[in-house]
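One structure is given here, and the rest of the page talks about it.
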Amino acid sequence: MDYIQYMIIAFVLLIVAIAIIKSKKKDFQFEVNKLVTYLGGKDNIISYEVNKSRFIVTLKNVDIVNKDAIQKLGAQGIVEIDNQLKIILGEGAYQLKKHIDDLK
């Protein structure tokens, strides 16, 4: 009898975990769209790459970038060199590159 209760609890927790994971994926896609907007739109992005936890993006015009908004999205830091931004994102940098690839 106890095993059945434990199995039911485990099943419910599994369903909740799957729901959380799916909702995070949707939120991440939304955040990527926001980030592209904060970078000045996809037409402002010349090139981008990922180096460990950094998302490195070369832009046509760095002046139109909303750096404060990027920080609020969760960037741990932003370094600007000429027309290039190095955005420290942590583990999400690789996912970000993949999603931006899908947008282009």
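Here, each number is a calculation from the coordinates, and none is a lab measurement. These figures come from a predicted structure and were not determined experimentally. Cβ atoms come from the backbone with ideal geometry, glycine included; neighbour counts cover every protein chain shown.
Given R₀ = 30 Å, FRET efficiency for residue 68-residue 15 by Cβ-Cβ distance, to 0.05? Working shown, then result.
Numbers: r = 38 Å, r/R0 = 1.27.
It comes to 0.20.
Where does each of 2-11, 79-88, 42-51 land if you order them by average Cβ count within 10 Å, highest first?
79-88, 42-51, 2-11
Need one number: nm distance between label points at residue 6 and residue 43, each 7 Å from Cα along Cα→Cβ, rounded to one decimal.
6.1
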